[in-house]
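Chemist: Structure provided below as structure tokens; questions to follow.
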Amino acid sequence: MKPAIWLDGSLCDADSARVSVFDHGLTVGDGVFETVKATEGRAFALTRHLRRLARSAEGLGLPAPDPDEVRRGCEEVLKANPVPFGRLRITYTGGFSPLGSDRGTAGPTLVVALVEAARPADSTAVVTVPWARNERGALAGLKTTSYGENVVALARARQQDATEALFGNTVGALCEGTGSNVFVVLDGELHTPPLSSGCLAGITRALVLEWVGAKETDLPLEALARAEEVFLTSTTRDVQAVHRVDARTLPGAPGPVTAEARRIFVERAAADIDP
Ligand code: PLP
């Protein structure tokens, strides 16, 4: 079966779907997106994802996406592509603009697609990178398609057999990964950087804060070198233990705090599809 996607108000065959080569999302990264977990045809935490999509669009100055249309697109794509486990990718861009950096007037482009995915591994290795997230930048905290910085950092991680790269911010505080938030255990207590660090308001992060509890603390990047446990959160990783940070191994990962956080997260997420 050919995958079906949602493009500007209707379902169509992914192979023949057309978006302009002058789409502002493609030419200058003027777009926002969401990745939503899809299990057995049901989207997890969709209401929170739609809210964040709207916030990101507002931050970028895009017209507000119609939440009913995006929701309909997700439902139609899920119905048309029955896969046991995957991710919905919602992309919303500035649309057609032949004039370079100024956004056109033709209106935004909305695409919803579903990608089949593997379940996340229980643990992973991460590296720290020398580049800073700019917590005072115009895009801080927005989920935009301007992901070049993350692509470069992730390539660095892969060179070191890791699956994630962690950033500090401009004042050297721990911030986030290329596509995940980070939690650390220090003296038995669970901490995660506050949103003022420049990290994305991750939906998994928010659920862990609500369901498990953690302190939002400004920490130096070096806290990773003395943390008893480290874990990542994201839609694609859920709660994932870290067993290596740079050259430092964390034996026994997942440690007790991580294991408990994951247990609670999995249990609560299974009980409520749209928390
Ligand atoms: N930080 C960044 C930069 C991300 O791109 C993501 C998700 O893609 C996250 C954190 C985690 O957010 P969520 O839990 O909503 O997937």
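The values are calculated or read from the model by the stated rules, or taken from the named source; none is laboratory data. Quick caveat: nothing in here was measured; it's all calculated off a predicted structure. Quick reminder, even Gly has a Cβ in these numbers, built from the backbone with ideal geometry, and neighbours come from all protein chains shown. The accessibility values were calculated without ligands, DNA or RNA, using every heavy atom of the protein model including side chains. Shrake-Rupley method; radii C 1.70, N 1.55, O 1.52, S 1.80 Å.
Chemist: Against the condition farther than 25 Å from Glu116 by Cβ, open to solvent by less than 40 Å² (accessible area, probe 1.4 Å) and away from the ligand (no atom under 11 Å from the Cβ), how does Val208 come out, does it pass? So that I can check it myself, show each step before the final result.
Modeler: Numbers: farther than 25 Å from Glu116 by Cβ: yes; open to solvent by less than 40 Å² (accessible area, probe 1.4 Å): yes; away from the ligand (no atom under 11 Å from the Cβ): no.
No; evaluated as a whole, the condition is false for this residue.
Chemist: Next up: For region 3-22, which residues satisfy the criterion of being hydrophobic (A, V, I, L, M, F, W, C) and more than 20 Å from Ser97 (Cα to Cα)?
Modeler: Looking only at region 3-22, we keep the residues that are hydrophobic (A, V, I, L, M, F, W, C), and these are 4-7, 11-12, 14, 17, 19, 21-22.
Correct list: Ala4, Ile5, Trp6, Leu11, Cys12, Ala14.
Chemist: Still on this structure, please answer the following. In a loop (DSSP other than H, G, I, E, B), open to solvent by less than 10 Å² (accessible area, probe 1.4 Å) and more than 15 Å from the ligand (Cβ to nearest atom): which single residue out of Ala162, Ala125 fits that description?
Modeler: Details: Ala125 fails: in a loop (DSSP other than H, G, I, E, B).
Only one candidate qualifies: Ala162.
Chemist: When the residues of region 48-71 are filtered to those that are away from the ligand (no atom under 13 Å from the Cβ) and in contact (Cβ under 8 Å) with a residue 60 or more places away in the chain, which remaining residue is farthest from the chain's Cα centre (by Cα)?
Modeler: Initially, region 48-71 is screened for residues away from the ligand (no atom under 13 Å from the Cβ), giving 54, 57-71.
Next, from what is left, pick out any that are in contact (Cβ under 8 Å) with a residue 60 or more places away in the chain: 59-60, 69.
Numbers: Gly59: 17, Leu60: 17, Glu69: 21 Å.
Looking at residues that are away from the ligand (no atom under 13 Å from the Cβ) and in contact (Cβ under 8 Å) with a residue 60 or more places away in the chain, I get Glu69.
Chemist: Determine the pairs where a residue that is over 15 Å from Val208 (Cβ atoms) and touching a residue at least 40 places away in the same chain (Cβ under 8 Å), located within region 263-275, has a partner that is assigned to a loop (DSSP other than H, G, I, E, B) and of a type in the set (Asp, Glu) with Cβ atoms under 9 Å apart, the partner being 6 or more residues away or on another chain.
Modeler: Taking only residues 6 or more apart or on different chains, not a single pair turns up.
Chemist: Just for region 176-203: of the residues that are among the hydrophobic types (A, V, I, L, M, F, W, C) and within 19 Å of Arg248 (Cα to Cα), which one is farthest from the ligand (Cβ to nearest atom)?
Modeler: The initial filter retains those residues of region 176-203 that are among the hydrophobic types (A, V, I, L, M, F, W, C), namely 182-186, 190, 195, 199-201, 203.
Still in the running and within 19 Å of Arg248 (Cα to Cα): 182-186.
Working: Val182: 9, Phe183: 12, Val184: 15, Val185: 19, Leu186: 21 Å.
Only one residue tops the list, namely Leu186.
Chemist: Counting only residues that are among the acidic types (Asp, Glu) and not in a helix (DSSP H, G or I), which one in region 33-81 is surrounded by the fewest Cβ atoms within 10 Å (Cβ to Cβ)? Break it down stepwise before answering.
Modeler: First, the residues of region 33-81 that are among the acidic types (Asp, Glu): 34, 40, 58, 66, 68-69, 75-76.
Now drop any that are not not in a helix (DSSP H, G or I), which leaves 34, 40, 66.
On the way: Glu34: 27, Glu40: 10, Asp66: 14.
Step by step, filter region 33-81, then rank; the result is Glu40.
Chemist: Only residues in region 102-119 that are modelled with pLDDT of 85 or more count as the first member; pair them with residues that are part of a strand (DSSP E or B) and polar (S, T, N, Q), Cβ under 7 angstrom, at least 6 apart or cross-chain, and list the lot.
Modeler: Cβ pairs passing all conditions: Pro108/Thr93; Thr109/Thr93; Val111/Thr91.
Chemist: Pull out all pairs, ordered by first then second residue, where Cβ-Cβ is under 9 Å, the residues are six or more apart or on different chains, the first lies in region 231-246 and is near the ligand (Cβ under 8 Å from one of its atoms) and at pLDDT 95 or above, and the second is assigned to a strand (DSSP E or B) and open to solvent by 40 Å² or more (accessible area, probe 1.4 Å).
Modeler: Correct list of pairs: Thr235/Arg87; Thr236/Arg87.
Chemist: Name the pairs: first residue in region 170-182 and closer than 23 Å to Ala261 by Cα and outside any strand (DSSP E or B), second residue within 15 Å of the ligand (Cβ to nearest atom) and of a type outside the set (Asp, Glu), Cβ to Cβ under 6 Å, at least 6 apart or on different chains?
Modeler: Thr178/Asn150; Thr178/Ala153; Thr178/Leu154; Thr178/Ala165; Gly179/Ser234; Ser180/Leu232; Ser180/Ser234; Ser180/Arg237
Chemist: Among the residues of region 1-32, what is the count of those that are polar (S, T, N, Q) and outside any loop (DSSP other than H, G, I, E, B)?
Modeler: At the first step, the residues of region 1-32 found to be polar (S, T, N, Q) are 10, 16, 20, 27.
Of the ones still in play, those that are also outside any loop (DSSP other than H, G, I, E, B) are 10, 27.
Residues meeting the conditions: 2.
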